[in-house]
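What follows is calculated from the coordinates using simple rules that are stated; it is not laboratory data. All figures in this text were calculated on a predicted structure; none of them were measured in a lab. Because the Cβ atoms are built from the backbone with ideal geometry, glycine has one as well, and the counts that use them run over all protein chains shown.
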Amino acid sequence: MDKLRQLFSAVGRQVQQRPVAVLLLAVLLIFTAFGGAAQITSVTGDAAFVADNPTFDAFTESFDRGSIAVLVRGDITEPQTLHAIDRVDQQMSTKPNVHTVTSPADQVRQEYGRIPDSEAKIRSVIGSPDYTVVQIVFDTGLSQTEERPIYTQAVEATDWAEFPSGTTVTVTGSAAFSAQLSTLIQQSTQQLLGLAIGLMVVALFFLFRGVRLRLLPIVAVFVGVIYTFGAIGYAGVPNSTMTSAVFPILIGLGIDYSVQFHERYEEELENHPPREALPQALGGIGPPVFVAMLAAALGFGATWVSTSSPSIIWFAQTSIFGVLLTFIAGILVLLPLLTLWVRRRGDAEDETPDEDDAPTTATTTQSQDQGDSDRIGLVGELLGRSARILASHPVLVLSIALLIALVGFQAGGSLDTLADTEEFIPQDLPAYTDLQQFRSVAGGGSSTSYDVLVTGTNLKHPATLQWMLDFEHIATQTPLVQGVDSPATLVKQYNGGQLPQTESGVKRVLETVPERQKLQYYNDGRAHIMVYSAQDMTTQQALSFLENTRESIAYSSPPPGVTAEITGTAAIATPSIVEQINSRNVTTGLGVLFVFILLLVYYRNLVKAVAPLIPMVFVIGWQNIYMYLLDIPVSPLGASLGAMTVGIGAEYTIIVMDRYYQEKQRAGVSRLDAVQTAATRVGKAISVSGMTTVFGFSALVLSPFPILSGFGFLTVGVVFLTLIASLATLPPTLVLLDSIAERVAASRSS
């Protein structure tokens with residue numbers, strides 16, 4: 001610990017001696033970060049919750065084709081309308097990465113060799129529909145980034161096709177949804193970032209009063225955010241709905257670090273010349289803030305290692321980068337700017353006053369006491385007195401806190417969950433309303449297909465096809481399964497409703513199937529079965545459907561050498577999200593364990609490792625009561641909050657505890673005196689930093705994404721609870737554990 005203080009003191013001396021060089025380094029890193037930020041991509045929808053696995057990768061390579069649906073409503077048999085449909089069909093068929101385009105124009109052209117100008121001829125082929133769909137199917141294996149240009153091209157094609165007046169054209173589908181959602185995520189990230197900074201300016205202006213350059217921490221934390229964008233770009237961490245929540249959080253946490261540096265520097269300037277004040281300040285506050293920063297990083301790290309959901313992993317990775325880099329930015333940007341400003345004001349002059357002009361000791365002491373009183377203020381005095389009163393009754397205070405926490409742990413089992421990805425997004429997103437419109441108008445959404453990948457040998461053998469029919473019969477007898485479409489279905493369709501008796505017979509039938517259609521069922525030595533469910537299933541129904549399908553596969557007994565697994569984004573995303581929510585207690589436990597190990601390694605003292613965590617354990621229980629009262633469901637982000645709470649809240653408890661032990665080392669200072677002084681000295685600072693964190697987190701409340709808005713309400717409340725726990729339950733915890741430790745030490749020595 002002493003070595004760490006010496007290290008930070010040395011850093012402080014370097015910053016004090018070379019502030020311009022340090023700022024130039026900070027600027028160089030900014031330009032470097034711009035290069036990384038330009039490489040950031042975005043992943044949206046269910047794909048953000050699907051981790052790579054061999055089965056899914058094989059399915060994606062062979063069968064997973066995204067698509068766009070162009071919904072055309074109006075008089076479809078009107079020749080001008082069909083000509084426009086044909087123009088869209090022909091235009092999109094030539095685009096890169098487009099596998100097939102199907103439309104009514106194909107049927108009419110096949111019949112007449114062209115699109116006739118006779119409405120009667122058209123009607124004789126396609127009937128008299130009042131809507132139709134142009135289906136644009138992509139090549140397999142495309143990423144969302146590769147699919148999005150196809151959506152743009154489809155929109156341009158529909159504009160170019162010149163549909164007649166009275167015809168309504170809507171472009172929807174996976175790529176349309178992904179493109180619009182990606183744009184909204186980028187806009188939301190920028191808006192939340194700007195809003196968080198604006199709220200932080202207000203918070204610092206009103207809460208950080210009496211401090212020079214009180215808005216300067218905003219500059220430091222903004223630079224830290226730029227560094228974070230660069231880091232995730234270079235590291236290949238995509239932006240997603242979840243990741244966009246990180247930046248308001250980083251502003252709140254980064255402000256904490258800078259406020260602590262700023263506040264301690266101001267305190268040291270009251271008693272030391274500037275060239276000594278900065279090393280003293282950074283040597284004193286640097287280690288506890290550094291450990292608090294590592295605790296926050298470990299809290300996010302617990303989220304990382306406890307989940308397989310990519311979007312949550314990206315959220316954790318971005319958060320870890322962010323807390324590290326906003327901490328570094330506080331040193332590289334805030335401290336040299338403060339140093340330069342102090343020099344400019346002439347405070348850096350180190351003059352020795354003449355003996356005749358030197359103030360008396362009494363005058364100096366009186367001036368310092370007055371300065372302390374002005375800096376601490378009424379809030380600091382109240383916090384100190386409250387801490388002393390609470391610490392005087394440790395058993396009573398901690399028993400009440402524990403009782404409330406136990407109620408909260410009990411309430412945690414009755415909280416609602418938010419696991420449907422369609423509920424994560426704004427319900428008025430045009431692509432989503434278009435999709436809903438398509439489902440209701442076209443009937444294309446009356447059912448949802450899930451995918452089964454079949455691998456092995458003899459996939460075209462009659463025995464394998466017969467197993468597929470057996471599977472279909474068994475699956476459709478189970479709840480929620482509405483139908484099955486398999487290679488056996490295809491072969492029967494082209495063989496008069498019967499399965500051939502030999503493998504060669506199956507191959508002869510498949511030779512009569514159009515290649516594009518056959519590729520939906522057989523490709524790359526693999527087979528593809530589609531299982532249909534009802535649309536708009538609840539999360540629990542979706543899980544039951546998947547379980548029923550797996551059981552049907554097992555019960556139907558695939559032939560030897562044949563393996564069938566349900567896969568695809570729809571089949572993987574929902575269980576991944578539910579698993580993340582259900583494992584929230586494991587995530588929280590890992591967060592507590594990681595931070596405990598960190599504190600034990602740093603302090604090498606069991607009491608100092610345990611004490612900062614006890615208030616955080618209380619908060620974990622309290623937050624469940626807060627969620628229950630405000631009807632906030634547990635989302636994938638909310639599931640990580642327990643570990644985040646431990647990591648984030650440890651900053652406040654570590655700083656209070658560190659000051660407590662500093663004060664206790666003074667001669668003649670009792671435990672209650674040390675608690676009161678610690679709360680008086682740093683209570684105001686952590687209250688200010690906590691409130692600024694609240695302001696930063698509160699930007700999330702205004703997010704257009706419901707999952708982020710709910711997470712914003714949750715984090716704001718939890719930070720309040722963390723502050724309360726740090727100031728109300730840590731003092732009695734320190735007094736109680738410290739007294740126990742002293743008694744144990746005394747008994748051992750005797």
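The Rg/Rh ratio of the chain, with both radii computed over alpha carbons and Rh defined as the Kirkwood radius, is 1.10. For region 66-179, a crude dipole built from +1 on the beta carbon of Lys and Arg and -1 on the beta carbon of Asp and Glu, taken about the Cα centre, is about 100 debye to the nearest 20.
In region 87-235, the convex hull through the Cα atoms has an average projected area of 14.2 nm², a quarter of its surface area.
Count Lys and Arg as plus one, Asp and Glu as minus one, and take only other residues whose Cβ is under 10 Å from that of Pro731; the net charge is then +2. Could you point to the residue in Gly497, Tyr555, Val509 farthest towards the positive end of region 440-577's charge dipole, with +1 and -1 charges on the Cβ of Lys/Arg and Asp/Glu respectively? Value: Val509.
Peptides 710-718, 424-432 ranked from most to least packed give 710-718, 424-432, packing being the mean of other C-beta atoms within 10 angstrom over each peptide's residues.
Taking square-rooted eigenvalues a ≥ b ≥ c of the alpha carbon gyration tensor, is region 620-750 rounded, prolate or oblate, where a/c under 1.5 means rounded and, failing that, a/b exceeding b/c means prolate? Prolate shape, in that a/c is at least 1.5 and a/b is the bigger ratio. Here's the picture: charge each Lys and Arg Cβ at +1 and each Asp and Glu Cβ at -1 in the chain, and of Val607, Gly717, Pro96 the one pushed furthest to the positive end of that dipole is Val607.
Taking the centroid of alpha carbons for each part, region 245-281 and region 119-159 are 58 Å apart. Estimate the FRET efficiency between Ser128 and Gln437 by the formula 1/(1 + (r/R0)^6), using the beta-carbon distance for r and 22 Å for R0, to the nearest 0.05. The pair Ser128/Gln437 has a calculated efficiency of 0.55. Using C-alpha pairs below 8 Å separated by at least 6 residues, the relative contact order for region 440-577 is 42 percent.
Taking the helices alone, the chain has a mean residue ellipticity at 222 nm of -22500 deg cm²/dmol, built from -39,500 (n - 2.57) per DSSP H run of at least 4 residues and averaged over all its residues.
For region 177-274, the Kirkwood hydrodynamic radius from C-alpha pairs, put into Stokes-Einstein at 25 °C and a viscosity of 0.890 mPa s, yields a diffusion coefficient of 163 µm² per second. Straight Cα distances below 23 angstrom link Lys460 to the lysines Lys492, Lys507, Lys518, with same-chain residues fewer than 8 positions distant left out.
The alpha carbon radius of gyration of region 440-577, expressed as a multiple of 2.2 N^0.38 Å, is 1.06. When both region 588-616 and region 161-216 are represented by their alpha-carbon centers, they are found 38 Å apart. Expressed as a whole number of Å, what is the distance separating the alpha-carbon centroids of region 455-489 and region 621-693? Result: 59 Å between the Cα centres. Projecting the Cα atoms of His528, Ser311, Val592 onto the charge dipole of the chain, computed from C-beta unit charges around the Cα centre, puts Val592 farthest toward the positive end. Summary of packing: across the peptides 610-621, 57-68, the per-residue average of other C-beta atoms within 10 Å ranks them, highest first, as 610-621, 57-68.
Relative protection proxy for 286-295, 163-172, from highest mean packing down: 286-295, 163-172 (other beta-carbon atoms within 10 angstrom). Placing +1 on each Lys and Arg Cβ and -1 on each Asp and Glu Cβ, with no other charges, gives the chain a dipole about its Cα centre of roughly 1400 debye. About the centre of its Cα atoms, region 440-577 shows a dipole size close to 340 debye [charges on the beta carbon of Lys, Arg (+1) and Asp, Glu (-1) only; nearest 20 debye].
Between Thr183 and Asp2, the contour length at 0.36 nm per residue exceeds the Cα-Cα span by 60.2 nm. Using the Cβ of Glu162 as centre and a radius below 15 Å, the other residues enclosed give a net charge of -4, where K and R count +1 and D and E count -1.
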